[in-house]
Amino acid sequence: MAVRADLSPARLKISFLQTYLCSETERSARRGHSVGTPREDTPRGHPAAAVRCGGTRRLLSAGAVIGAAAPRYRRARAVGGRQLRGDRRGTPPAVPPPRAPALRSPTNTFTVHRAGEKSRVPAPSGRFSRGIKGEGVISLLRPLLLDVVPTIQQTAALALGRLAYFNDDLAEAVVKEDILPQLVCSLSEQNRFYKKAAAFVLRAVGKHSPQLAQAIVECGALEALVICLEDFDPGVKEGAAWALGYIARHNSELSQAVVDAGAVPLLVLCIQEPEIALKRIAASTLSDISKHSPELAQTVVDAGAIAYLAQMILNPDAKLKCQVLSALSQIAKHSVDLAELVVEAEIFPVVLTCMKDSDEYVKKNGATLIREIAKHSPELSQFIVNAGGVAAVIDCIGSCKGTVRLPGIMMLGYVAAHSENLSMAVIVSKGIPPLCTCLLEEHEDHIKAAAAWALGQIGRHTPEHARAVAETNVLGTLLSMYMDIRSSEDLQLKAKRALKNILQKCTYLPALEPLLHDAPPNIMKHIVGQFSKVLPHDSKARRLFVTSGGLKKVQEIKAEPGSLLQEYINTINNCYPEEVVRYYSPGYSEMLLERVENYQPVL
Amino acid sequence: MAALVRLETRLSRLREEYFLKNRSVDEDRKIVYKAAVKIQSWFRGCRVRAYLRYLNKMAISIQKWWRGYQSRRYFRKMIKTAYFIMKMNFYNEMAVRIQKRWRGYYVRKYTHNYYALKKYLEAISLNNEIVRNELQEYAEMNEKKKKKKDLEKKEKEKKYKARKMHYLLSTEQIAGIYNSPFRKFPDPMELLLRQSKPLSHRQQQPKSPFTYDLYDWPTCKRPPAFPTGEPLPPIGRQKPQGPFRDAAEVLRQRYKPLEPTLRVAASISSPLEKAREEMKREEWRKCIHDNEFLPFSSYHKNEKYELSIHASEKIGKETYGIKHFREVQPNKWIAGKNSCIS
């Protein structure tokens, strides 16, 4: 074991530690362990246990003190760097065998990196965190953040970030150990790799809960992140924007804090940058900021974001389109003025091309955007209908399955709810058949409820509309959904309301006939009421009513005298001659037989 | 004497008769008086009654006349009001007829115009058809692009594989595995191998970190400049084996500027001048447009989308001609931060 023969005190300390380390690693090598390949040595085969390995622990604490001699270290790092990159591809690492005079610093960073790496493996985080937390890895990593060597700092920060990302206990530990102020201070001074890593840590901590995000805000991270947004390197900007987005996501106070730090104009500048990833993240952050309240959305709009977002709808990248559409829909959802501003950015008819995209989430977000615009006022809905939006949404509903359809269905409902002309426009665009198939095919109750609601909105205006809905034989489906005990309450309520609304206007008797047989009393009232309105005026319908067994069914209905149902039944009975009514009333055959019995034949 | 006797006898009775007469007159006087009073009172009564009757009659007559007068007046008034009411009813009815017609017309023409609604719905269906067709075309185009990209990728992979496995090419003596003698014609892989250049074992250059910026080059304002100055020699490349000249020298010679002789340079319309002018004329003739040539189609991706006129629609009514007409707004002439003047 050669020891470096330099004589300065630091170097002496270093050499002592090196000796110690070398002996340690030799011992562990003799034991058949290798420092960097923990997989073979753990009894449970668990990667975390490797960190428990005593040699590694001492290594980490030693590594904190060791300062590497620059040129040798850098070369070793460069060599080790390829190893690290090899790790990223997931190949099992080939650790450089502990050569006697070699410095251990590559292995330090290596191990630190490995510790962070392991946390990226999707192991069940509970087991893993017990493993890691038990050793206080956070407190071990903390001094490494202050290391002289910049690469150690960066790797330590990266490891911290990865640990905190998947586990909120570790994130809380990061906050408790006061690591954040250090990160924030050094955020403004260091190079871009460190900034990226520090932004990653902030993002990882802020993602779990509002309290952690609040802790980040309190240690003054927002200003530092906003300064990072002005950096030249796009990776730094991306990291900072991502962290801001995760912080702003939780609630409106945090969003307001982000806005007050002056992030919005810089984010709008970021959107104009050429890198796709940066655009994506900036769009997602703007979406997270503007989703909470109209004032925040107004702030985003005042920074001029809408024009750039609208231009980016044409970009071929699917994830970017997703985020842009989501941002626009979060802006437009709050009020009529904001929706009008979004529409004035000339997104129609370009947005309709998104409805034909191959990516499902682009279709979903496009439909959400159109829905948020259509729901505010009849003029906006009219505009969308004129631009052919209804046809695009209907095609989209027809081609998707599952929750992706939901915004499209709701959009049709909102458009039809505004006025009868718009509802007729939806009918003319062949909107009803996809809604019926949706009602029949979907498994989720909330989608079925939305489809039922939309059909109710379409059919409730005039008898023409109700007839168009009833002709597709969907009333029976609605009734069965209302009666089904397995449907959720929301579905039952919506089906009942839709049925009532359509029935109150429906004069298309062939569709009402099948419902007579199994409807519950509160629905029966409406059905019989409709019959009582139509039958007095139409003789053919009367005949059909008798021949199809409807009159018989009506006689069998028991209604309280004086109730509305009884009045309707009386009205219907008055349309027919008495003998016919008596013929169809229940128990008529018995009555006749009784008369036969009591008859005295005249001889 | 006989008369006297008679008188005397009557005389004796005279006093009694006189007394009796007076007494009877006195006795009758009361009765007569009472009778006279009665008669007089009766008569007076009659007279007064007659007078009262007369007064009554007169009063009745006056009242009759007055009442008749009042009633006739009242009657006339009643007639007038009745007439007025009849007239007003008539007018009301006529007005109702007019209003009925007008309201029906107005509602049918402006509010619930059936034909306009029908036309509108037809226009909507037509528009929907157009939009659906266009979207279908767009989707198909995207599909085609994707398929093409996939195909190209596969081709590239195949070619790369062929280059790597170049050693499997068959030679004169030994038929390669793709060129079995029992086959009628060689396998397509064999043909591919024949066409491909062998892959050298030199290490590939690491992927440049700027390659992902490639299709975002349109944001770079200056055009990609080709090297016209002295080109730098490549770093660390292995020198080609053999008696080759130095690459820098070769390039220098290749791009050496023309040094004409005095004769060529000095003459007025020397061949050089003529050639130059010819070149200029050619360029002027051949230049089709001034857009700079961007070598990859992805550079055109960020062009602004232009709306088609038939599909764009303004919200609300057209305000030009109604709300404003050829007015100028000087405060809009100053360019703000967000105005798109460039």
Taking only the C-alpha atoms, wrap a convex hull around the stretch A:488-603 and report its volume per residue in Å³ as a whole number. 135
Chain lengthening between residue A:582 and residue A:148 when straightened (0.36 nm per residue, less Cα-Cα): 145.9 nm
Looking at the calculated P(r) for the stretch B:1-69, what percent of the C-alpha pair distances fall above 18 Å? 68
Do any of A:319/A:375; A:321/B:332; A:333/A:430 go past 30 Å between their Cα atoms, and which? A:321/B:332
Using protein heavy atoms only (no ligands, DNA or RNA), what is the total accessible area buried between A and B, 1.4 Å probe, nearest 100 Å²? 2800
With θ set to phi - 60°, apply the Karplus curve 6.51 cos²θ - 1.76 cosθ + 1.60 along the stretch A:402-417 and write out the HN-Hα couplings as whole Hz, x wherever there is a Gly or Pro. x, 5, 4, 6, 4, x, x, 5, 5, 5, 4, x, 5, 4, 5, 6
Determine which aspartates and glutamates satisfy two conditions relative to residue B:274: a Cα distance under 13 Å, and not lying fewer than 8 residues away in the same chain. B:282
Check each of the chymotrypsin sites (Phe, Trp or Tyr not before Pro) in the stretch A:178-240 and keep only those in coil by DSSP with at most 15 other C-beta atoms within 10 angstrom; list them in order. A:232
Leaving out ligands, DNA and RNA, what percent of the accessible area of the stretch B:1-134 is carbon and sulfur, probe 1.4 Å? 63
Heavy-atom accessible area per residue - the stretch A:410-520, 1.4 Å, Å²: 41
List the residues of the stretch B:105-122 for which accessible area in the full set of protein chains is at least 10 Å² lower than for the chain on its own; 1.4 Å probe, protein heavy atoms only. B:112, B:117, B:120, B:121
Between the stretch B:180-199 and the stretch A:425-442, what is the C-alpha centre distance in whole Å? 56
Descending semi-axes in Å of the stretch A:339-495, equivalent ellipsoid built from Cα gyration tensor: 25, 18, 13
Computed from every Cα-Cα pair in the stretch B:96-173, P(r) in 10 Å bins starting at 0 and rounded to whole percents is 14, 16, 14, 12, 11, 9, 8, 6, 4, 3, 1, 0
What is the spread of the Cα atoms of the stretch A:358-428 along each of their three principal axes, largest first, in whole Å? 32, 22, 18
Where Cα atoms sit under 17 Å apart: lysine pairs in the stretch A:187-310 separated by 8 or more or lying on different chains: 6
What Kirkwood hydrodynamic radius do you get for the stretch B:107-152 when you take the inverse of the mean 1/r over all pairs of distinct Cα atoms, in Å? 13.2
Could you tell me what percent of the accessible area of the stretch A:545-601 is made up of carbon and sulfur, with a 1.4 Å probe and every protein chain present? 53
Once the in-chain neighbours fewer than 8 apart are removed, the lysines whose Cα is under 17 Å from residue B:109 read B:100, B:118, B:119
Using a Förster radius of 25 Å, what is the FRET efficiency between residue A:341 and residue B:147 based on their Cβ-Cβ separation? Nearest 0.05, please. 0.05
Can you pull out the chymotrypsin sites (Phe, Trp or Tyr not before Pro) in the stretch B:56-130 whose DSSP state is coil and whose Cβ has at most 10 other Cβ atoms within 10 Å? none
Whole-Å semi-axes of the ellipsoid equivalent to the stretch B:42-93 (Cα gyration tensor, √5λ, descending): 48, 6, 4
I want to check the label-to-label distance for residue B:4 and residue B:171. Put each point 7 Å from Cα in the C-beta direction and report it in nm to one decimal. 24.0
Tail beyond 21 Å, pair distance distribution of the stretch A:186-344 (Cα, percent): 40
Loop trypsin sites (Lys or Arg not before Pro), the stretch A:543-598, which have at most 15 other Cβ atoms in a 10 Å radius of their Cβ (DSSP): A:558
Need the per-residue list for the stretch A:241-278: every residue with at least 10 Å² less accessible surface in the complex of protein chains than in the chain by itself, probe 1.4 Å, sorted by number. A:274, A:275, A:276
Nearest 0.05, what FRET efficiency do residue A:556 and residue A:483 give at R0 = 22 Å with Cβ-Cβ as r? 0.75
With the crude spin-label approximation of a point 7 Å out along Cα→Cβ, what separation in nm comes out for residue A:319 versus residue B:86? 9.2
If we count every other residue with Cβ under 13 angstrom of residue A:260's Cβ, Lys/Arg +1 and Asp/Glu -1, where does the sum land? -3
Roll a 1.4 angstrom probe over the protein heavy atoms and tell me the percent of accessible area of the stretch A:435-506 that is carbon or sulfur. 46
With the Cα gyration tensor of the stretch A:252-345 in hand, convert its eigenvalues to equivalent ellipsoid semi-axes via √(5λ) and list them largest first in whole Å. 19, 16, 11
Residues hit by the 20 Å² burial cutoff in the stretch B:265-305, accessible area with a 1.4 Å probe, assembly against chain on its own, are B:301, B:304, B:305
Taking a probe of 1.4 Å and leaving out DNA, RNA and ligands, the stretch B:1-141 shows per residue an accessible area in Å² of 95
Okay, which of the stretch A:356-397 sit inside 13 Å, backbone N to the point 7 Å along the Cα-Cβ direction of residue B:332? none
Excluding residues on the same chain fewer than 8 positions from residue B:30, give the lysines whose Cα lies under 16 Å from its Cα. B:21, B:38
Extension gain (nm, one decimal) between residue B:112 and residue B:125, 0.36 nm per residue minus Cα-Cα: 2.7 nm
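The values are calculated or read from the model by the stated rules, or taken from the named source; none is laboratory data. Computed from a predicted structure; not experimentally measured. For neighbour counting, all protein chains shown are included, and Cβ atoms are generated from backbone atoms with ideal geometry for every residue, glycine included. Accessible surface is based on the protein model in full, side chains and every heavy atom, while ligands, DNA and RNA are left aside. Shrake-Rupley method; radii C 1.70, N 1.55, O 1.52, S 1.80 Å.
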